[in-house]
Amino acid sequence: RSGLPLLKRIVAESLPILLLAGVIDLIAGITIEKRLEAFTTLPALLVLVPPFLTKTGALGGILAARLSSKLHLGIVEPTARPSRASRADFRLIAVFAAPVFTLVAVSAEVVSLLLGLDSPGPVRMIGISLIGGLLATTACLAITYYGAIAAYRLGLDPDNHGIPLVTSSMDLIGAVALIFAILILGVG
């Protein structure tokens with residue numbers, strides 16, 4: 001019974017951000033659908049999409065959890081300019097991004113090869129994944145930091161907002177970044 005007010009607060013805080021996350025995810029799906037021809041011409045790119053978007057959200061989730069904990073502990077102050085501790089977390093996520101997106105591309109290429117799916121080739125797959133991943137990760141740092149700071153300043157729990165905000169945002173931004181990388185490399 002004593003936990004009921006806390007549960008109500010969590011639901012009340014979480015519901016709006018979860019609804020917003022759902023809308024953002026729908027827009028991400030529409031974004032991919034609008035460029036579907038590039039993906040169906042080279043089906044290996046379709047294999048790349050789910051792990052790519054998952055990993056952009058996962059990196060953002062790691063950062064959101066770290067920042068939220070540090071805000072609660074008072075290690076990070078909710079300021080417009082990220083503190084040294086926040087910037088250290090940014091570097092950590094950036095360092096993780098390069099090998100993660102390389103492995104995502106290699107995995108998608110291997111699966112596509114095993115399934116006999118047309119691919120732009122391993123070098124271009126890695127290029128697409130790295131360019132898109134690094135663009136998405138850069139956006140992720142800003143969205144995650146300022147989302148956590150805004151929630152904290154508004155008296156909301158960043159734990160309830162961080163991961164839904166960043167994972168849905170990364171679905172949309174990741175889709176746009178992936179399409180942009182495909183265009184940059186002249187694949188689509």
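Apply the Karplus curve 6.51 cos²θ - 1.76 cosθ + 1.60, θ = phi - 60°, to the phi angles in the range 4-10 and return the couplings in whole Hz, x for Gly and Pro.
Calculated HN-Hα couplings, in order: 4, x, 5, 4, 4, 5, 4 Hz.
Under a no-solvent Debye model with one identical scatterer per Cα of the range 98-156, what's log10 I(q)/I(0) at q = 0.14, 0.24 Å⁻¹?
Values returned for q = 0.14, 0.24 Å⁻¹ are -0.52, -0.87.
Can you give the accessible area of E37 in Å² (nearest 10), computed on protein heavy atoms with a 1.4 Å probe?
Here the accessible area works out near 140 Å².
Where does each of 155-162, 169-176 land if you order them by average Cβ count within 10 Å, highest first?
169-176, 155-162
Hey, in the GNM for the chain with a 10 angstrom Cα cutoff, which one of V166, V100, V110 fluctuates hardest?
Between V166, V100, V110, it is V110 that shows the largest mean-square fluctuation.
Mind ordering 24-36, 124-136 by average Cβ neighbours within 10 Å, highest first?
Packing order, densest peptide first, comes out as 124-136, 24-36.
Given the -39500 (n - 2.57) contribution per DSSP H run of 4+ residues, what per-residue ellipticity at 222 nm results for the chain, rounded to the nearest 500 deg cm²/dmol?
Mean residue ellipticity, 222 nm, calculated: -30000 deg cm²/dmol.
Tally Lys/Arg at +1 and Asp/Glu at -1 over every other residue whose Cβ is under 12 Å from the Cβ of A181; what's the total?
That sum, taken over residues with Cβ under 12 Å, equals +2.
Could you name the lysines in cross-link range of K55, using Cα to Cα under 16 Å and dropping any fewer than eight places away on the same chain?
Filter leaves no residues.
Mind checking the full-extension length gain between V123 and S69? Use 0.36 nm per residue of separation minus the Cα-Cα distance, one decimal, nm.
The V123-S69 span can extend by a further 15.6 nm.
Quick check for you: with a 1.4 Å probe and neighbouring chains kept, what is the accessible area per residue of the range 59-188, in Å²?
46 Å²
Calculate the dipole size of the range 35-188 relative to its Cα centre from +1 charges on Lys and Arg beta carbons and -1 charges on Asp and Glu beta carbons; express the result in debye to the nearest 20.
Here the size comes out at about 500 debye.
Could you check how much of the accessible area of the chain is carbon and sulfur, as a whole percent, using a 1.4 Å probe?
71 percent
Considering Cα pairs under 8 angstrom that are at least six residues apart, work out the relative contact order of the chain and quote it in whole percent.
38 percent
Output needed: percent of Cα pairs per 5 Å distance bin for the range 66-178, bins running from 0 to the one holding the longest distance.
Once binned at 5 Å, the Cα pair distances of the range 66-178 give 2, 12, 19, 19, 16, 12, 8, 6, 4, 2, 0.
The values are calculated or read from the model by the stated rules, or taken from the named source; none is laboratory data. These figures come from a predicted structure and were not determined experimentally. Heads up, the Cβs are rebuilt from the backbone with ideal geometry, glycines too, and the neighbour counts pull from every protein chain shown. Accessible surface areas use protein heavy atoms only, side chains included; no ligands, DNA or RNA. Shrake-Rupley method; radii C 1.70, N 1.55, O 1.52, S 1.80 Å.
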